[in-house]
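Participant: Supplied in structure tokens, the structure appears directly below.
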Amino acid sequence: MSRELSYAKAINEAQRQAMELSDDVIVLGQLADTPAGIFGTTSGLVDTFGVDRVQDFPVAENLMTATAIGSALVGLRPVIVHQRLDFMIYSLDAIVNWLALWRFKSNGKSNMPVTIRAIVGRGWGQGPQHSKSLHAWFAHLPGIRVAVPTTPYDAKGLLLESILGECPSIFIEGRSLFSMSGDVPEAPYRVRFGQAALRRPGKDVTVVAIGMMAPQAVRAATELAKEGIDVQVIDLRTLSPWDEQTVLDGVADTRRLLVADPGWHSFGAAAEIVATVSERLHGRLAVGPARVTLPDSHTPMSSALEQEYYPRDEHLMQSIRDLVQ
Amino acid sequence: MGHMDLSHRTIGNIGKYQAMELGNLESGLVVALYRQALRLRRTEEALIGEYHPADEMRCPVHFCIGQEAVPAALSMLLESDDYLFSHHRSHGYYFAKGCPMQELFAEIYGKATGANGGKAGSQDVSHVSNRFFSGAILAGAVSIAAGTAFALQLKRSTSVSVSGFGEGATDEGAFWEVANYAGVKRLPLLLVCENNRYATYSDQLKRQASDNICARVRPFGVRAEQVFGNDVLEVYRTLQAAFEHVRTGQGPALVEAYTHRWNSHVGPEDDGNNHYRTREELDFWKTNCPVVLLEEKLFETGLLTAAAKARMEAEIAEEVAAHFAFAKSSPFPARPDWHIANNGDATPLADRLLGTAVESEFNHFQADARLEPY
């Protein structure tokens, strides 16, 4: 039953199975048809499905997104891939002015089953133009689903759900997660949007973790258990929609909330979660909510500065201790 | 017009246009082209009549009076399976794809019976079952039309994706991504540029080194031809040749029709107080009104009589009046479920194809995972 796959291979398998299940699924992306296959996530697909269904694309991200939109109108289910999310910013017009509002503007007569995969770099000098996540930007948009999967299991299930669903989805992948491995069922399965995963039960404090912060949160919780602090870890898995109920239920029990968000501090996803919990559980919290985020700064290249920029395990642990003491 | 290069710099030298020719076009087709242009003109005039001071529409409308030739010609060339993407001056294109007038009127009035239930309005109207789409962010629609052409090619379809836009859209980088990709992939894409010279009040010759867009797309592998855009018959012939080229898999084509809008950029007023065009320029284009030029030709050749024209006018007036009555008497939309309006939560295909794994059977514990660089 148990079978381990890396995060990258889980993504590859999800696309392969979606393409087997539906002839309408195509994959477009710069170098998607090469053996390297975008860090292994598209390797081999062209050999199985041919050059029509797996295509390289000019360095024209806005047109690539528009091509996905126009293709969906003819019944295709395109998956487009950005090796770095930063390049996807060229396509903001297609995403914001067209894709996000297509269903709304058509009065529900036309849906857009378009999946945008965007990879976020971290570490080894990725610097300010290869590391932005911007999940909060996209979650702010009505009409777009945003997934931030952390485990190979979630990556496969959520990608299948995105490709074979009817709404446009932005699928944000942490490059540093790609070699992580975990249990992944072989048969195609779904992970629903708006359903968080309880990674660890705990009664003292709730940590809501997003994307790349989730493994760190689990690790911090494991360490803190040795100090007698019992940390509940909720991996949000999707930001739009996000699982308010699981978070509210968790915080109602622990009465303490910390949000760990791999995005900038101000006006970010963590702020939205803290605001919602504050609105709904006001007066029932033992202590004010806390956030662990990136500073309001662009990403430095230098490895020394990266150490300062990204929250380390000890930062997370200390922030949790501060909530319970 | 032969094959001399047209330019807004010199087009006024034509004076009164004399070059319209019936050629070998069937008389029934010629009369149908005229009726389509006249219907569009009368519709726009009627909308203008109701626009102010009643102010019941409360919807930005970019009227297309003066630019009837291209949509009229397209209406006789588009197949029902073709896709049409329009710019914000959308009404002529909407009719060209055979979409119902009453749903357009109701849409402009913001009513529940509108083509998009009042959510889109004149500049964003679409009619999905007729494969008609529009939008106000101009080059974006051209890009999407290229995507549709890409998919039609993948599906080995003989349908064509047609994109109508103004010369202003060719200021955008997005347009040139399309020219490049359509050329390299030989996409079944027909680009129809209504070059009316002005992006709102801004002269193309202030924005671009040349107003000859054809010359600039040809090196990309796009077949391109200019046409005097107020000669409905020549526009028809030029578009017909372009359709033939695209539909037979020979690659993309562009038709650049030189024309002029009579009203202000948006709304029915005269925006001449911005001093962006001269009285002489507007007079030239009104002298060469696309509807009147064709009408004169029809009378001259006996294809149309005064009595037949009067019948046509009466039919159109009756149709327009009925659609106003429908639009005005239709209810406003009720408050929607905002989530459902924006998000399609139903997942019929995923429900059918995907199983559900029992998550508790799998190890999600990632505490040993180390984030790796890069």
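The values are calculated or read from the model by the stated rules, or taken from the named source; none is laboratory data. Fair warning: this is a prediction, and the values are worked out from it, not measured in the lab. No Cβ is skipped: glycine too gets one built from the backbone with ideal geometry, and neighbour counts run over all protein chains shown.
Participant: So, in the stretch A:85-127, how many residues would count as being modelled with pLDDT of 95 or more and out of contact with any strand residue (DSSP E or B) (no Cβ under 6 Å at 6 or more places or on another chain)? Break it down into steps so the answer makes sense when it comes.
Facilitator: If we filter the stretch A:85-127 for residues that are modelled with pLDDT of 95 or more, which is where we start, we get A:85-120.
Those still in the list that are out of contact with any strand residue (DSSP E or B) (no Cβ under 6 Å at 6 or more places or on another chain) too: A:86-87, A:89-112.
So the count comes out to 26.
Participant: If I filter the stretch A:273-305 down to residues being over 16 Å from A:A252 (Cβ atoms) and in contact with a Phe, Trp or Tyr (Cβ under 8 Å, 6 or more places away or on another chain), which single residue comes out as modelled with the lowest pLDDT?
Facilitator: Among them, the one singled out is A:S303.
Participant: Take A:A214 and tell me if it is buried (at least 21 other Cβ atoms within 10 Å of the Cβ), in a helix (DSSP H, G or I) and at pLDDT below 95.
Facilitator: yes
Participant: Sort through B:L38, B:L47, B:L77, B:L29 and tell me the only one that's closer than 24 Å to B:V246 by Cβ and either surrounded by 18 or more Cβ atoms within 10 Å (Cβ to Cβ) or of a type in the set (D, E) (or both). Can you show your working first?
Facilitator: Numbers: B:L38 fails: closer than 24 Å to B:V246 by Cβ; B:L47 fails: closer than 24 Å to B:V246 by Cβ; B:L29 fails: either surrounded by 18 or more Cβ atoms within 10 Å (Cβ to Cβ) or of a type in the set (D, E) (or both).
The unique qualifying residue is B:L77.
Participant: If a residue counts only when it is within 14 Å of another protein chain (Cβ to nearest Cβ) and closer than 23 Å to B:S143 by Cβ, which helices (runs of 4 or more DSSP H) contained entirely in the stretch A:1-68 have at least 3 such residues? Before the answer, list the steps.
Facilitator: On the way: elements: A:7-21, A:37-40, A:45-53.
Counting at least 3 such residues, we get A:45-53.
Participant: Taking B:T158, is it part of a loop (DSSP other than H, G, I, E, B) and either more than 12 Å from chain A (Cβ to nearest Cβ) or acidic (D, E) (or both)? Full working, then the answer.
Facilitator: Numbers: part of a loop (DSSP other than H, G, I, E, B): yes; either more than 12 Å from chain A (Cβ to nearest Cβ) or acidic (D, E) (or both): yes.
Judged against the criteria, B:T158 is a match.
Participant: Then there is this: Does the stretch A:302-325 include one or more residues that are touching a residue at least 12 places away in the same chain (Cβ under 8 Å) and touching a His at 6+ places or on another chain (Cβ under 8 Å)?
Facilitator: no
Participant: Now for a different question. From B:S143, B:S163, B:S159, which residue is touching a Lys or Arg at 6+ places or on another chain (Cβ under 9 Å), touching a residue at least 12 places away in the same chain (Cβ under 8 Å) and of a type in the set (S, T, Y)? Can you show your working first?
Facilitator: Numbers: B:S143 fails: touching a Lys or Arg at 6+ places or on another chain (Cβ under 9 Å); B:S163 fails: touching a Lys or Arg at 6+ places or on another chain (Cβ under 9 Å).
Result: B:S159 is the single residue among B:S143, B:S163, B:S159 that is touching a Lys or Arg at 6+ places or on another chain (Cβ under 9 Å), touching a residue at least 12 places away in the same chain (Cβ under 8 Å) and of a type in the set (S, T, Y).
Participant: Hey, another quick one. Consider B:L25 against the criteria (1) under 20 Å from B:A317 (Cα atoms); (2) at pLDDT 95 or above: it satisfies all of them except one. Which criterion is unmet?
Facilitator: Unmet condition: (1).
Participant: So, B:F299, is that one among the hydrophobic types (A, V, I, L, M, F, W, C) and crowded, with 16+ Cβ neighbours inside 10 Å or not? Let's see the steps before the verdict.
Facilitator: On the way: among the hydrophobic types (A, V, I, L, M, F, W, C): yes; crowded, with 16+ Cβ neighbours inside 10 Å: no.
So B:F299 fails the test.
Participant: Can you run down the residue pairs with Cβ atoms below 6 Å, 6 or more apart or on separate chains, where the first is in the stretch A:215-238 and within 15 Å of A:R256 (Cα to Cα) and the partner is acidic (D, E)?
Facilitator: Close Cβ pairs (under 6 Å, with a partner that is acidic (D, E)) amount to A:I229/A:D204; A:D230/A:D204.
Participant: Collect the residues in the stretch B:275-295 that are within 26 Å of the chain's Cα centre (by Cα), in contact (Cβ under 8 Å) with a residue 12 or more places away in the chain and part of a helix (DSSP H, G or I), keeping them in residue-number order.
Facilitator: Of everything in the stretch B:275-295, those that are within 26 Å of the chain's Cα centre (by Cα), in contact (Cβ under 8 Å) with a residue 12 or more places away in the chain and part of a helix (DSSP H, G or I) turn out to be B:E281, B:L282, B:F284, B:W285, B:K286, B:T287, B:P290, B:V291, B:L293, B:L294, B:E295.
Participant: In this structure, does B:G121 turn out to be surrounded by 22 or more Cβ atoms within 10 Å (Cβ to Cβ) and either out of contact with any helix residue (DSSP H, G or I) (no Cβ under 9 Å at 6 or more places or on another chain) or within 20 Å of B:V142 (Cα to Cα) (or both)? I'd like the intermediate steps shown before the answer.
Facilitator: Details: surrounded by 22 or more Cβ atoms within 10 Å (Cβ to Cβ): yes; either out of contact with any helix residue (DSSP H, G or I) (no Cβ under 9 Å at 6 or more places or on another chain) or within 20 Å of B:V142 (Cα to Cα) (or both): yes.
Against the criterion (surrounded by 22 or more Cβ atoms within 10 Å (Cβ to Cβ) and either out of contact with any helix residue (DSSP H, G or I) (no Cβ under 9 Å at 6 or more places or on another chain) or within 20 Å of B:V142 (Cα to Cα) (or both)), B:G121 qualifies.
Participant: Considering the stretch A:186-211 alone, what residues qualify as being under 16 Å from A:Y153 (Cβ atoms), in contact (Cβ under 8 Å) with a residue 40 or more places away in the chain and surrounded by fewer than 24 Cβ atoms within 10 Å (Cβ to Cβ)?
Facilitator: Across the stretch A:186-211, the qualifying residues are A:E186, A:P188, A:Q195, A:A196, A:A197, A:L198.
Participant: Go through (1) in contact with a Gly (Cβ under 9 Å, 6 or more places away or on another chain); (2) at pLDDT below 95 one by one and return the number of the condition B:Y258 breaks.
Facilitator: (2)
Participant: Sticking with this structure for a sec: Tell me, which strands (runs of 3 or more DSSP E) wholly within the stretch A:220-278 include 3 or more residues that are under 16 Å from the mean Cα position of the chain (by Cα)? I'd like the intermediate steps shown before the answer.
Facilitator: Values: elements: A:231-235, A:238-240, A:257-264.
Here the list reads A:238-240, A:257-264.
Participant: For the stretch B:80-154, which helices (runs of 4 or more DSSP H) that fit wholly inside it have 2 or more residues that are modelled with pLDDT of 95 or more and within 13 Å of chain A (Cβ to nearest Cβ)? Write out each step before concluding.
Facilitator: Details: elements: B:91-96, B:101-108, B:138-154.
Here the list reads B:101-108, B:138-154.
Participant: Is there any pair linking a residue in the stretch A:15-29 that is buried (at least 18 other Cβ atoms within 10 Å of the Cβ) to one that is part of a loop (DSSP other than H, G, I, E, B) and among the polar types (S, T, N, Q), with Cβ under 7 Å and at least six apart or on different chains, and which?
Facilitator: A:Q15/A:T42; A:V27/A:T42; A:G29/A:T42
Participant: A further question on this structure: Hey, any hits in the stretch B:222-235 for a residue that's over 26 Å from B:F63 (Cα atoms) and either facing chain A (nearest Cβ under 10 Å) or part of a loop (DSSP other than H, G, I, E, B) (or both)? Outline the logic, then answer.
Facilitator: First, pick out the residues of the stretch B:222-235 that are over 26 Å from B:F63 (Cα atoms): B:222-224.
In the following step, the residues that additionally are either facing chain A (nearest Cβ under 10 Å) or part of a loop (DSSP other than H, G, I, E, B) (or both) were identified as B:222.
So far as the stretch B:222-235 goes, yes, one or more of its residues are over 26 Å from B:F63 (Cα atoms) and either facing chain A (nearest Cβ under 10 Å) or part of a loop (DSSP other than H, G, I, E, B) (or both).
Participant: Please enumerate the residues belonging to the stretch A:211-261 that are closer than 16 Å to A:I172 by Cα and more than 10 Å from chain B (Cβ to nearest Cβ).
Facilitator: Correct list: A:G211, A:L236, A:R237, A:T238, A:L239, A:W242, A:D261.
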